[in-house]
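Engineer: Okay, here's the structure, questions in a sec.
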Amino acid sequence: SICGSNQNREVIPSSHPHLCRSPKRRGGLAHVARNRRALTMLPPLLLLGLATSGIGEALCAEGGQCEAYNEVAPGSSGDSDSSGLIQLRRRNGSLPFDAEEDALSWYAGLPLEEQTTWFKRVHQLYEFIVKLFRDVVDLTLATLEAKVKAAWDWAQPALALYKMSCTHLPHHKGSQGCNNCLSRGIHVPLTELSLTGFCRWCPASQTCEAAGFAGLGLGSKCSASHVGINSAGQCWGQGFPYQVGNFLSYRPADAEQWALTTALHFSNPLMDFPTYPNSTGMFDLSTGEPLHDSKEGGPAADFVIAAASDWGSGTAEAATVAGLMEAETPGMTLHLGDVYWVGTGPQFDSNVRGIAPNANQIGVTFPKGKTTTFLMNGNHEMISGGAGLMENGFEHSGQEATFAAYQSDFWRFIPLDTGYLCYGSFPQLFNGLNTKGARNVANETCAPQPDEVVQWLRDVVKIGDPNDKRGIVLFTHHQPFSDWERGYLGTAKQLQDLLPPGKQVIWFFGHEHKLAIYDEVTLSGTMDGCGGEDFTATYSVFPRMVGNGGFADFPLENPLHNTSLRAWDNRTYQEIPQFPFKPVPVGFNGYFKLVVDGSQLSITYVTGKCKASGCELGLEPGEGTVVAEEVFTVDSSTGRLSQSFTHLDGLVVPTRPKPTAAEPPPVVLARGSARPENASVAWNVMRGMD
């Protein structure tokens with residue numbers, strides 16, 4: 001059921017034999033290209049990431065034997081290119097030296113002019129790869145493969161030397177080894193060229209490896225699920241399962257991981273939707289004890305809820321956020337969904353349960369509340385079918401289902417599941433593959449609730465009872481509204497048929513990896529992914545985007561619109577290289593704290609705080625930055641909410657005037673996708689922003 005037992009090979013289910021890696025080499029494209037049907041679901045830029053990420057390794061043919069190619073340099077026609085450089089071809093696998101270990105000796109024996117020639121050739125290859133990225137939309141897969149193979153043959157001796165400059169020099173382990181690795185390289189004699197900075201630190205194996213090529217891929221000893229560290233600012237977190245630079249999927253090595261992990265797991269068996277066969281799914285907020293009637297709920301005095309969304313990245317930043325949450329000594333902890341890459345059991349183990357993924361790294365633990373710990377469902381958990389959450393995750397939290405209601409005498413806190421139905425499905429047989437139950441990540445829905453949840457809200461929770469004046473606080477993974485991306489209106493439309501007209505709701509959500517606070521709004525828009533009908537709510541919401549838990553917010557762009565945005569966090573934490581593109585600035589991770597004290601709900605928004613010597617050295621353990629605070633109060637006789645900010649100084653506040661108390665909340669459009677048309681796979685899987 002696997003493609004061998006070597007620890008450096010991906011373990012691939014027998015249901016995907018076309019994705020088995022070669023037992024000889026780890027070419028970036030060959031192990032995927034064997035099944036062209038699977039490749040038809042991947043966009044061109046992502047395919048290029050697959051192709052180029054393995055350029056420092058041989059591309060191998062079926063059966064594990066490396067092919068020999070006789071192509072000359074890209075753009076040349078003959079044995080010499082226009083600059084007169086000597087063309088060396090790889091015939092039958094031979095090189096100018098007997099083995100890679102002899103590369104440095106071979107190089108040292110060359111005249112200075114020839115040494116310079118080889119390094120110039122590498123830099124010409126850099127330019128060639130950059131041009132491929134720019135022209136990728138015009139390339140067929142066959143043309144792309146041919147160009148990459150030609151480029152590899154042309155520069156292999158110099159690339160082998162470049163690889164040896166990273167792997168065959170003594171180094172330390174830990175963060176010191178990481179920093180030493182990233183500063184390594186060879187200066188080109190007689191020129192201003194230098195390869196310093198193109199080594200990658202592989203934290204899982206504690207080795208320094210050459211990038212597949214110029215930052216485009218994995219070193220040979222980096223695990224298939226661990227992209228090498230490519231900036232000193234990530235070295236402080238090398239002891240954790242992942243680093244912030246692993247998920248920037250414009251970086252080709254990251255794009256390969258998004259593609260492979262999705263391709264490997266999108267057809268995993270779909271878990272049955274979990275419900276409450278023996279209880280109501282309603283619990284007392286303070287004690288966690290089951291409730292039998294929707295009107296029940298005891299007093300809550302200074303009860304703390306610590307929550308985060310999109311937290312499950314397994315990074316040092318996520319671990320810092322978890323430590324800050326734990327320091328609040330919360331009665332309840334809540335995760336609003338998304339464990340990366342695709343929420344498998346092993347990813348829940350290392351990123352949520354704190355189980356070490358290997359001998360050189362430690363796991364990250366989601367903090368537990370004194371009475372309740374609840375893990376919600378996100379779209380990434382559902383890429384792999386939900387087993388990681390519903391088996392490994394539930395074992396950590398002790399919960400039974402992905403929805404619940406926690407009630408006090410003044411408030412009702414209701415986490416819901418927008419993840420289970422967020423992707424469309426395939427026909428049972430699609431393009432020759434058995435895809436029964438598979439999730440079509442190229443086909444997003446409007447993220448509605450399953451029928452079981454709608455019935456539960458109506459008949460058990462009785463959320464529409466006009467006589468229940470308690471305040472309602474909703475938690476979902478997907479956003480019903482955004483000034484940056486699309487809004488997912490499926491759940492909002494279902495609530496339209498359940499909530500009393502004029503009801504006010506506080507709504508926390510993630511999915512976008514930002515911290516943004518909106519004024520009270522009435523949702524309106526088109527039901528993209530669910531029939532396309534228009535929808536306008538008869539209730540209003542206070543939207544709170546809190547998707548900054550553990551996944552980096554990138555790019556730090558200004559909003560596309562500004563209809564009701566009150567404040568957002570646009571601060572830069574670090575800049576991460578993603579050659580051949582410009583380094584990308586990423587934002588701060590954080591959490592939010594709710595304190596329930598009778599009719600008052602106080603909310604504090606906290607992010608990590610850089611070390612005194614600078615953000616490049618990471619975050620201070622045990623110290624955070626409060627960026628915003630607000631207070632809600634519910635009127636127990638009318639159910640109306642009043643809200644005020646006590647602190648907004650840590651966020652960017654737009655110049656748009658705030659509505660007066662006498663004005664009704666604006667009707668805002670929960671817009672359709674702001675993404676390129678027909679680009680859902682590229683956006684969801686490559687960018688990893690969802």
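The values are calculated or read from the model by the stated rules, or taken from the named source; none is laboratory data. Model, not experiment: these values are computed from the prediction. Cβ coordinates were reconstructed from backbone atoms using ideal geometry, including for glycine residues, and neighbour counts include every protein chain displayed. Side chains included, ligands, DNA and RNA excluded: accessible areas come from the protein's heavy atoms. Shrake-Rupley method; radii C 1.70, N 1.55, O 1.52, S 1.80 Å.
Engineer: Heavy atoms only, probe 1.4 angstrom, no DNA, RNA or ligands counted: give me 493, 173 ranked by accessible area, highest first.
Structural biologist: Largest to smallest exposure gives the sequence 173, 493.
Engineer: Which residues' amide hydrogens lie under 5 Å from the amide hydrogen of residue 647, considering only partners 5 or more residues apart or on another chain, with H built in the peptide plane?
Structural biologist: 629
Engineer: Amide H to amide H, which residues 5 or more places from residue 423 or on other chains are under 5 Å from it, using H placed in the peptide plane?
Structural biologist: 445
Engineer: Mind checking the per residue accessible area of segment 611-659 for me, 1.4 Å probe, whole number of Å²?
Structural biologist: Dividing the accessible area of segment 611-659 by its residue count gives 55 Å².
Engineer: Calculate one ³J(HN,Hα) per residue across segment 245-252 by plugging θ = phi - 60° into the Karplus curve 6.51 cos²θ - 1.76 cosθ + 1.60, and present them in order as whole Hz with x for glycine and proline.
Structural biologist: Couplings: x, 5, 10, 8, 7, 6, 6, x Hz.
Engineer: Counting Lys +1, Arg +1, Asp -1, Glu -1, what net charge surrounds residue 292 among other residues with beta carbon under 15 Å of its beta carbon?
Structural biologist: Taking every Cβ under 15 Å from that of residue 292, the sum is -3.
Engineer: Please list, in chain and number order, the residues 5+ apart from residue 539 or on another chain whose amide H is under 5 Å from its amide H, with Hs placed from the backbone.
Structural biologist: 502
Engineer: Would you tally the net charge around residue 370, using a Cβ to Cβ cut-off of less than 14 Å, leaving residue 370 out, and scoring K and R as +1, D and E as -1?
Structural biologist: Surrounding charge for residue 370 is -4.
Engineer: Under unit Cβ charges (Lys, Arg +1; Asp, Glu -1), what dipole magnitude, rounded to 20 debye, does segment 479-607 have relative to its Cα centre? Don't jump to the answer; show the numbers that get you there.
Structural biologist: Working: 9 positive and 14 negative charges, 56 e Å.
Once rounded to the nearest 20, the dipole reads 280 debye.
Engineer: Also, I was wondering about something else. Could you tell me the accessible area of residue 272 in Å² (1.4 Å probe, neighbours in place), rounded to the nearest ten?
Structural biologist: Here the accessible area works out near 130 Å².
Engineer: Rank 614, 652, 586 by how far each Cα sits towards the positive end of the charge dipole of segment 532-652 (+1 on Lys, Arg Cβ; -1 on Asp, Glu Cβ) and give me just the farthest.
Structural biologist: 614
Engineer: Please report the net charge: other residues with Cβ closer than 13 Å to the Cβ of residue 595, K and R +1, D and E -1.
Structural biologist: -4
Engineer: Give me the number: length gained by fully extending residue 425 to residue 558, i.e. 0.36 nm times residue separation minus the C-alpha to C-alpha distance, one decimal in nm.
Structural biologist: Values: separation 133, 0.36 × 133 = 47.88 nm, distance 3.37 nm.
Answer, rounded to one decimal: 44.5 nm.
Engineer: Still on this model: Residues in segment 271-287 near a label at residue 459, defined as backbone nitrogen under 15 Å from the 7 Å Cα→Cβ point?
Structural biologist: What the label zone holds, given the 15 Å backbone N cut-off, is 275-281.
Engineer: Just the accessible area for residue 200, please: 1.4 Å probe, Å², rounded to the nearest 10?
Structural biologist: 10
Engineer: For segment 549-561, just list the computed ³J(HN,Hα) in residue order, Karplus coefficients 6.51, -1.76 and 1.60, θ = phi - 60°, integers in Hz, with x standing in for Gly and Pro.
Structural biologist: Per residue, the Karplus-derived 3J(HN,Hα) values read x, x, 9, 5, 7, 8, x, 7, 9, 5, x, 6, 9 Hz.
Engineer: Sticking with this one: Rolling a 1.4 angstrom probe over the protein chains, ignoring ligands and nucleic acids, what is the accessible area of residue 533 in square angstrom, nearest 10?
Structural biologist: Its heavy atoms expose roughly 100 Å² to the probe.
Engineer: Further question: If I model a spin label at residue 289 and residue 597 as a point 7 Å from the Cα along the Cα→Cβ vector, what separation in nanometres do I get?
Structural biologist: 2.5
Engineer: Under 1.5 on a/c is rounded, so check that first for segment 309-364, then, if it is not, pick prolate when a/b is larger than b/c and oblate when it is not; a ≥ b ≥ c are the square roots of the alpha carbon gyration tensor eigenvalues.
Structural biologist: Values: a/c = 2.08, a/b = 1.38, b/c = 1.50.
The shape class here is oblate.
Engineer: Along segment 329-335, what does the Karplus equation 6.51 cos²θ - 1.76 cosθ + 1.60 (θ = phi - 60°) give for ³J(HN,Hα), rounded to whole Hz, x for Gly and Pro?
Structural biologist: Values, residue by residue: 6, x, x, 9, 10, 9, 10 Hz.
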